[in-house]
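Below is one structure; the comments refer to it alone.
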């Protein structure tokens with residue numbers, strides 16, 4: 001599209017910050033889609049507030065990314081003027097919401113990851129990242145308390161709620177492997193003390209998830225046929241549709257201010 005921003009040749013630190021930012025932005029957009037559609041008013045408000053938390057995190061990270069890029073772009077430019085191939089989010093967060101059980105399972109898996117990630121990043125050698133992580137960590141812990149609570153409540157609830165949670169986990173599981181993949185970007189930044197080590201995150205994520213699964217009486221799927229590519233710009237078709245809606249106004253009226 002005309003006016004698109006291409007960051008495919010980004011240096012490692014910028015690339016890493018964009019990955020964090022895009023995860024928060026895309027999942028925030030997905031959760032925002034529950035506005036007016038929640039199973040109960042309280043849950044609708046909770047999910048939309050979590051969406052606002054994630055968008056707030058994305059704003060902090062995109063502002064930092066814009067500074068690292070040094071090309072005069074703003075956080076809005078990076079959010080609304082990049083094409084899908086330039087987004088660095090995990091495939092997990094771009095999946096459509098489907099039903100409430102699916103949203104809760106996806107959220108719980110991601111919240112477990114985010115809690116561990118931001119806990120580690122508070123010790124980052126990058127003071128800006130550590131500062132953002134300290135704020136985001138508090139929000140992520142609250143998100144996890146909510147999503148894990150619903151995961152257990154639905155999993156160990158009625159026959160139908162149990163079936164829906166198990167089906168959701170079975171469908172989503174193939175997207176969890178990407179959470180802990182390591183590439184040259186992360187390897188270099190872990191060595192510099194800037195990024196969180198995926199191997200450390202995986203151990204804690206597994207332990208906490210196994211506890212939740214036991215309480216929810218849900219079976220952990222087999223680690224077969226994992227999907228990946230989102231962090232390198234290879235996305236599902238779902239992201240394109242979501243971005244077309246999210247970016248429409250800025251694309252239709254380039255340079256407009258309000």
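We did not get these values from a lab; they are worked out from the coordinates using the rules stated. As the structure is a computational prediction, the values presented were derived from the model and not from experiment. Glycine gets a Cβ as well: all are built from the backbone with ideal geometry, and neighbour counts include every protein chain shown.
General observations
- Among 225, 125, 240: highest mean-square fluctuation, GNM of the chain, C-alpha pairs under 10 Å: 225
- Cβ-Cβ FRET estimate between residue 191 and residue 244, R0 fixed at 51 Å, reported to 0.05: 0.85
- Label-to-label distance, nm, for residues given as residue 71 and residue 237 (7 Å Cα→Cβ offset): 2.9 nm
- Rg over Rh for segment 125-217 works out to 1.06, using Cα positions for both radii and the Kirkwood form for Rh.
- The chain: angle of helix 127-155 to the longest principal axis, Cα-based, in degrees nearest 10: 30 degrees
- Rounded to 10°, Cα long-axis angle of helix 159-172 versus longest principal axis of the chain: 40 degrees
- Inter-centroid distance (Cα atoms) of segment 215-242 relative to segment 110-126, Å: 20 Å
- Difference of contour (0.36 nm per residue) and Cα-Cα distance, residue 178 to residue 202: 7.6 nm
- Separation in nanometres of the label points that stand 7 Å from Cα toward Cβ, at residue 128 and residue 167: 4.6 nm
- Expected 222 nm ellipticity per residue - DSSP helices of 4 or more, -39500 (n - 2.57), all of the chain, to 500: -21000 deg cm²/dmol
- Highest GNM mean-square fluctuation among 209, 90, 154, for the chain modelled with Cα contacts below 10 Å: 209.
- Stretched out straight at 0.36 nm per residue, the stretch from residue 45 to residue 220 would grow longer than its current Cα-Cα span by 60.0 nm.
- Highest-MSF residue in the chain out of 241, 113, 175 [GNM, Cα springs under 10 Å]: 241
- Å³ per residue enclosed by the Cα convex hull of segment 23-175: 113 Å³
- Between the Cα long axis of helix 41-69 and the first principal axis of the chain there is an angle of about 30°, rounded to the nearest 10.
- The chain: relative contact order as a whole-number percent, Cα under 8 Å and 6+ apart: 24 percent
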